[in-house]
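Remarks on the structure that follows.
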There are 2 protein chains.
Amino acid sequence: MTGKTGKRKTRERLLVAACEMFARDGFHNARVADICCLAGANVASVNYYFTNKTTLYIETWKYAFQQFEEPAFSDNAKGTPEATLKKYIHAIMKDFTAKGRMGYFSRLYLMELARPTGLIQDTWRELIEPRRQKLHHIIRKIMGKNADNDKVLLCELSIINQCRTLLTIKHSDLEYLLNKKFNSDLIKSLADHIAEFSLAGIKAIGNFNE
Amino acid sequence: MTGKTGKRKTRERLLVAACEMFARDGFHNARVADICCLAGANVASVNYYFTNKTTLYIETWKYAFQQFEEPAFSDNAKGTPEATLKKYIHAIMKDFTAKGRMGYFSRLYLMELARPTGLIQDTWRELIEPRRQKLHHIIRKIMGKNADNDKVLLCELSIINQCRTLLTIKHSDLEYLLNKKFNSDLIKSLADHIAEFSLAGIKAIGNFNE
DNA sequence: TCAGTATTCAAACAGTTGTTTAAAATAAAG
DNA sequence: CTTTATTTTAAACAACTGTTTGAATACTGA
């Protein structure tokens with residue numbers, strides 16, 4: 001009788017706990033013992049179900065990706081690419097800070113960006129590339145069709161690395177810097193800033209080249 | 001007879017080795033044994049001179065800062081603030097990737113940003129604030145005197161977090177993404193991009209508010 | 001019920017790494 | 001040279017943590 005959803009299988013409880021701990025502490029700082037404790041399982045259960053910590057980490061990624069529903073960015077002809085970019089950035093930021101299942105994948109993703117383990121390189125590109133491609137297309141639309149591919153890439157990096165702030169800077173430090181409480185409103189205003197800042201950046205890079 | 005500079009004292013050899021290792025691997029991943037080995041000293045010497053690893057880390061920061069000569073950004077009335085910003089970003093990027101003594105402080109700084117230990121909070125603001133203030137003033141000049149302080153701060157973060165890419169992304173990954181060799185030319189083109197991208201961003205944020 | 005399988009558990013084990021110790025070597029002082 | 005203080009050294013120690021073990025328990029199907 002572990003939770004509200006009734007008695008889930010130990011294996012899945014371990015995966016859920018692992019998502020939580022790996023996303024919060026990263027691979028190295030997360031302890032197997034703590035994951036088991038959170039899952040209400042014995043220490044040996046990780047070895048029983050996953051052989052070792054490394055395999056657990058890889059399986060956790062796959063599990064988190066299963067739970068993750070790719071948000072619809074409405075990358076259709078309706079809105080302007082500028083509006084789409086803004087939506088995209090807001091969606092990214094919201095995902096990253098989401099609590100619970102929806103946020104697992106995004107949080108693991110950012111944690112892996114911030115503290116790379118190199119353990120999931122195989123699945124990395126398979127899972128990440130689609131996300132990147134989407135952003136790539138949006139930026140290209142704003143810059144113009146014959147935009148230099150390198151320039152598009154650099155703009156991608158500029159945007160992603162601004163968003164990454166949320167993970168690499170401690171919330172308490174961010175609160176100190178901006179003198180504001182860390183909540184969803186702050187996230188929104190950060191997203192607004194990044195969108196506006198980056199939109200101008202992209203356009204400047206684009207115009208510069210024509 | 002350890003190096004070309006003759007026989008330096010063990011304490012200083014330890015500090016130099018610690019700069020190298022902490023900057024490369026971060027506090028947790030760097031091993032005391034390896035630092036001692038690089039310094040050509042015994043394992044116990046860290047305890048002898050610095051009591052423990054944590055104190056060594058703190059002393060390493062102070063030592064690195066001593067070695068560091070703040071670059072002159074020529075923040076005078078001569079150049080336009082736009083040109084000053086570009087110089088500043090180039091200087092930051094060059095420092096971060098500098099080999100040897102000059103780069104120690106910048107590399108430790110970025111490492112601490114990427115993987116905060118919280119061990120040097122006391123000296124942190126004392127050493128970092130001056131750098132931040134300098135960037136702050138440049139941005140304010142570009143945005144206009146009555147610029148909202150929060151907006152200036154967010155622009156600061158946007159710029160710093162773009163620069164941070166160089167440390168948080170592995171060089172091999174960057175080479176893969178951009179399909180270019182990681183060398184000083186690449187650094188310069190990255191700095192150019194960030195400067196141009198950010199300059200437009202700052203102006204957009206500034207104009208938006210007037 | 002019963003046999004066989006799957007799962008859980010406490011305890012021990014093994015590897016790594018920071019720290020301490022006590023003796024040996026070196027340098028300094030008288 | 002002798003004595004004293006300083007520094008270096010190898011080895012042991014201790015703490016943490018991932019992994020394994022083998023017995024105990026729960027479950028499944030006949």
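The numbers here are math on the coordinates, done by the rules we state, and not lab data. Since the structure is predicted, the reported quantities are computational estimates derived from the model, not experimental observations. Note: ideal-geometry Cβ built from the backbone for every residue, glycine included; neighbour counts use all protein chains shown.
Partner lysines whose Cα lies under 18 Å from the Cα of B:K9, excluding those fewer than 8 positions away in the same chain, are identified as B:K62.
Rounding to the nearest 10 and keeping the result within 0 to 90°, find how far the Cα-based axis of helix A:10-29 lies from the longest principal axis of chain A. Roughly 60 degrees, rounded to the nearest 10.
The stretch between B:Q67 and B:R24 holds 13.7 nm of extra length on full extension. This uses 0.36 nm per residue minus the Cα-Cα distance.
The slack between A:T117 and A:N179, meaning 0.36 nm per residue of separation minus the straight C-alpha distance, is 19.0 nm. The Cα atoms of segment B:68-208 cover 42, 39, 27 Å along the three principal axes, with the biggest extent listed first. For A:R31, neighbours were defined as the other residues whose beta-carbon sits under 12 Å from its Cβ, and their charges (Lys and Arg +1, Asp and Glu -1) total 0. Rounded to the nearest whole Hz, the Karplus-based 3J(HN,Hα) values (6.51 cos²θ - 1.76 cosθ + 1.60, θ = phi - 60°) of segment A:194-205 follow the sequence 4, 4, 5, 4, 6, 4, 4, x, 4, 4, 4, 4, with x at glycine and proline. With contacts taken as Cα pairs under 8 Å and at least 6 residues apart, chain A reaches a relative contact order of 21 percent. When A:T55 is represented by a point 7 angstrom out along its Cα-to-C-beta vector, the spacings to that point in the other copies are 4.5 nm, nearest first.
Dipole magnitude for the protein assembly as shown: about 580 debye, using +1 per Lys or Arg Cβ and -1 per Asp or Glu Cβ, origin at the Cα centre.
The long axis of helix B:121-143 is offset from the longest Cα principal axis of chain B by roughly 20 degrees. Label-to-label distance, B:D148 versus A:W124, with points set 7 angstrom from Cα along the beta-carbon direction: 3.8 nm. Along the axis of the charge dipole computed for the protein assembly as shown (Cβ charges of +1 for Lys and Arg, -1 for Asp and Glu, origin at the Cα centre), the listed residues A:I92, B:F27, B:I160 are led at the positive end by B:F27. Dividing the summed helix terms, -39500 (n - 2.57) for each DSSP H run of n ≥ 4, by the number of residues in chain B produces a 222 nm estimate of -24000 deg cm²/dmol to the nearest 500. Residue order for A:S106, A:S198, A:S45, A:S184, fewest other beta carbons within 10 angstrom first, comes to A:S184, A:S45, A:S106, A:S198. Computed log10 I(q)/I(0) for the protein assembly as shown at 0.07 Å⁻¹: -0.38, from the Debye equation with unit scatterers placed on every C-alpha and solvent omitted. When you filter the GluC sites (Glu not before Pro) in segment B:27-134 for DSSP loop state and at most 15 other Cβ atoms inside 10 Å of their Cβ, you are left with B:E69. Note on B:K180: lysines with a C-alpha under 26 Å away, same-chain residues under 8 apart excluded, are A:K134, A:K141, A:K145, A:K151, A:K203, B:K86, B:K87, B:K94, B:K99, B:K170, B:K188. Average the reciprocal distances over every distinct pair of alpha-carbons in segment B:10-66, invert the result, and give the Kirkwood radius in Å. When all Cα pairs of segment B:10-66 are included, the Kirkwood radius is 10.7 Å. Inter-copy label distances at B:G79, shortest first and taken from points set 7 Å along Cα to Cβ: 3.8 nm.
Just to confirm the number: angle between the C-alpha axis of helix A:53-67 and the first principal axis of chain A, 0 to 90 degrees, nearest 10? Computed tilt is about 60 degrees.
Take chain B, mark every one of the trypsin sites (Lys or Arg not before Pro) that falls in a DSSP loop and has at most 15 other Cβ within 10 Å, then report the longest stretch left between them, sites excluded. Of all site-free stretches, the longest is B:32-77. Sorted from nearest, the other copies put their B:L174 label points 2.4 nm away, the label point being 7 Å from Cα in the direction of Cβ.
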